[in-house]
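Heads up: the structure comes next, in structure tokens.
The values are calculated or read from the model by the stated rules, or taken from the named source; none is laboratory data. Quick caveat: nothing in here was measured; it's all calculated off a predicted structure. Because the Cβ atoms are built from the backbone with ideal geometry, glycine has one as well, and the counts that use them run over all protein chains shown.
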Amino acid sequence: MKRQIPFALVFIFGFFTIFQYFVPHESSEWVYEFLLDWILIIGIFALALGIWSLWRVSIDKINNRRPNWGYSYVTLAGLFLMIIFGFTAKNGDSWGYYFPFVIAVLLVIIMLIQTIKAKGQSKILYIGLALLFLIISILIGYFDKSWSIHFSTSEGLKNTMFQDFFDYILIPILSTMFSLLAFFIASAAYRAFRARNVLATILLVAALIVMLRFNFYLPGAEYFARTSTWLMNVPNLAANRAIVIGIGLGVVATALKVILGIERGYMGKG
Amino acid sequence: MKKKEVVIVSLLIIFAFVLKYLIPKPVEFSYTVSMIVIILLGLVFVYILIRTLQGQLIGRRVVFLLVGISLSLPFFMKLTLNIPVSPEVRSVYDALQKLPPGSKVLAAFDYDPPSAPELQPMAVAFMKYAFDRGLKVIIMGLWPQGPQQADQAIQSAFKAEPSLKKKIKYGRDYVNLGFQAGNEFVILRMGESFKAMFPSDLYNTPYDSIPLLNNVSNFSNIDFCMDFSAGKPGTAEWVQIAVDRFKLPVAAGNTAVQAPMVYPYLNSHQLVGLLGGMSGGAAFEKLTKKPGKATTYILSQSFAHVVVVIFIIIGNVAYFSRKKEKK
């Protein structure tokens, strides 16, 4: 039964979704829309699962003192900081005791991490400290009227701290990581990009032409631009089209295998 | 951290400090100085070629430094680049140009900060142009940070053209519906009902209270869609669902890495047009006659491309000369 029910569900919903596409009846549309809503709900659960997975991986790293375990504290602090900022908003001109509140909540999280790691009496100590900081944060939240907590609204998006962390921390960090590619590509190109055989030569020449297409101060720039357009529109297009069609056929074949119960990898067994 | 690295980082910090506080702004090289700098760089490459031919590959830090210089120097140079306009960029512009004022344009922001340096300039250019033309923009994101990027693009557009800020009103001229989880299924569901996917906007205003969305129920009420995408879910999903199933005209703005993969949709006319990478953004700015960051950055990028090409050539010349010696 444990195996038959999932197979039956996959078979029914799989075939229904295929046939629904060809049946433009109102009731069929209604069931289809209902199923689509279910997919989105499952998608949102995946987000929660992602956060839980991040928590588990980071805790495991801290507990077992794996390489660079200290950064896991930073990861978790970043995660919870953004959540705190997203749920809180300033009411007036002053922040009041907002920052002591943020620190208290972060300390609760840190104490909880330590509790998981600790054994014996120190476990009780950390639980006690977590409770203490929790009470402090609740008290600050209750008495401080200069800011407020908003659980089901988007007030947090207007929180300066939320926006500033996004603008001045997240964006520069992620952009820097991506920008580093330019430097590594240049270094790798100098050391390893060699015309060792015919295929490598074709790749190299194509890469040079495409890279030089926008340098209109170079002699022969028009030629590079035209050749580059041809490269993109003919060989690149042909190769990509072949890949796309191949993927499409593969998806159809895999979907049929899943629906018919031949492919059972999604159940955790091959 | 090694002592050498500490020294390098300290020097960089001092350099940044000097650049920010001690050098009068704007720093701009004359044409002659620009040419001297380019010639000096050329001499450095000749030296590198000689060393490489002697069998001594230069260290990667030198490569990094030269790429860094080639990326940053153009910001101070008075050189201008004649930006070519590709047919795919022109198609985007023409399609937008055909829309009468008041047309509803869906702008999907399917990217996050790592791709922002490449996609943000074209998003800003698009916003400036759309607001200037009186197009009504409905923003949404299949990527969590997309709606924030859209907000930034709008603020940048307002900063560049303060007159727009007075003219454009939230809820009437544009709306940000925010992010919705579910990848391509969000597009599929939007084909039936926008409201089912976005019961309220990013700021929690109910869907029915937003004037711009009064007559918008699904894709049939949208005149055009512009998708700024850096991966999946992105342009391919918009084409496969919004274009093929709901016949929505879609154009895309992609990163240069992703652009070649989108060409099959362009050639089959499933995609109206494409702004590919920084060059696509710069060409769009040229067509809209609103030069912005893409026009500035493209010179920098083209310099870096030349440097990479030179490194490839040097590496290969050395490779073949050594091969010849061995024979």
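Miscellaneous remarks
- The set of residues in the range A:217-230 that are at the interface with chain B (Cβ under 9 Å from one of its Cβ atoms) and surrounded by fewer than 16 Cβ atoms within 10 Å (Cβ to Cβ) comprises A:217, A:218, A:222.
- Of the residues screened, residue A:2 is one that is away from chain B (no Cβ under 12 Å), over 30 Å from residue A:152 (Cα atoms) and modelled with pLDDT under 90.
- Test: residue in the range A:104-117 that is within 30 Å of residue B:205 (Cβ to Cβ) and either among the aromatic types (Phe, Trp, Tyr) or surrounded by 14 or more Cβ atoms within 10 Å (Cβ to Cβ) (or both): yes
Conditions tested, residue by residue: (1) within 23 Å of residue A:159 (Cβ to Cβ); (2) of a type in the set (Gly, Ala, Ser).
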residue	(1), (2)
A:48	yes, yes
A:90	yes, no
A:98	yes, no
A:124	no, no
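- For the range A:197-216, a residue qualifies if it is closer than 24 Å to residue B:52 by Cβ and facing another protein chain (nearest Cβ under 8 Å), and the qualifying residues are A:204, A:207, A:208, A:211, A:212, A:215.
- Residue match in the range B:47-62 (condition: loosely packed, with under 15 Cβ neighbours inside 10 Å, more than 13 Å from every other protein chain (Cβ to nearest Cβ) and in contact (Cβ under 8 Å) with a residue 24 or more places away in the chain): yes
- The residues in the range B:95-140 that are out of contact with any Ser or Thr (no Cβ under 6 Å at 6 or more places or on another chain), touching a residue at least 24 places away in the same chain (Cβ under 8 Å) and of a type in the set (D, E, K, R) can be counted, and the count is 6.
- Selection from the range A:79-101 of residues that are under 25 Å from the mean Cα position of the chain (by Cα) and in contact (Cβ under 8 Å) with a residue 60 or more places away in the chain: A:81, A:82, A:85, A:86, A:87, A:88
- Residue match in the range A:168-183 (condition: farther than 30 Å from residue A:81 by Cα and surrounded by 13 or more Cβ atoms within 10 Å (Cβ to Cβ)): yes
- Scanning the range B:132-170 for residues that are within 22 Å of the chain's Cα centre (by Cα), outside any helix (DSSP H, G or I) and among the aliphatic types (A, V, I, L, M) yields B:135, B:137, B:138, B:139, B:140, B:142.
- Cross-chain or 6+ apart pairs with Cβ under 6 Å, the range B:70-91 first and free of Cβ contacts under 8 Å to residues at least 40 places away in the same chain, then surrounded by fewer than 17 Cβ atoms within 10 Å (Cβ to Cβ) and not β-branched (Val, Ile, Thr): B:82/A:216
- Enumerated helices (runs of 4 or more DSSP H) restricted to the range A:154-263, each holding at least 1 residues that are on the phi > 0 side of the Ramachandran plot and touching a His at 6+ places or on another chain (Cβ under 9 Å): none
Conditions (1) of a type in the set (A, V, I, L, M); (2) touching a Lys or Arg at 6+ places or on another chain (Cβ under 8 Å); (3) outside the structural domain of residue B:181 (by TED's automatic domain parsing), marked per residue:
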position: B:206; (1), (2), (3): no, no, no
position: B:211; (1), (2), (3): no, yes, no
position: B:220; (1), (2), (3): no, no, no
position: B:233; (1), (2), (3): no, no, no
position: B:238; (1), (2), (3): no, no, no
position: B:243; (1), (2), (3): yes, no, no
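- Flag if residue B:327 is farther than 30 Å from residue B:78 by Cα, surrounded by fewer than 17 Cβ atoms within 10 Å (Cβ to Cβ) and within 11 Å of another protein chain (Cβ to nearest Cβ): no
- One residue stands out among those in the range B:171-187 that are modelled with pLDDT of 90 or more and either more than 25 Å from the chain's Cα centre (by Cα) or outside the structural domain of residue B:101 (by TED's automatic domain parsing) (or both): the one that is surrounded by the fewest Cβ atoms within 10 Å (Cβ to Cβ), which is B:172.
- Filter result for the condition that a residue is among the charged types (D, E, K, R), surrounded by fewer than 19 Cβ atoms within 10 Å (Cβ to Cβ) and away from every other protein chain (no Cβ under 14 Å), over B:195, B:166, B:159: B:166
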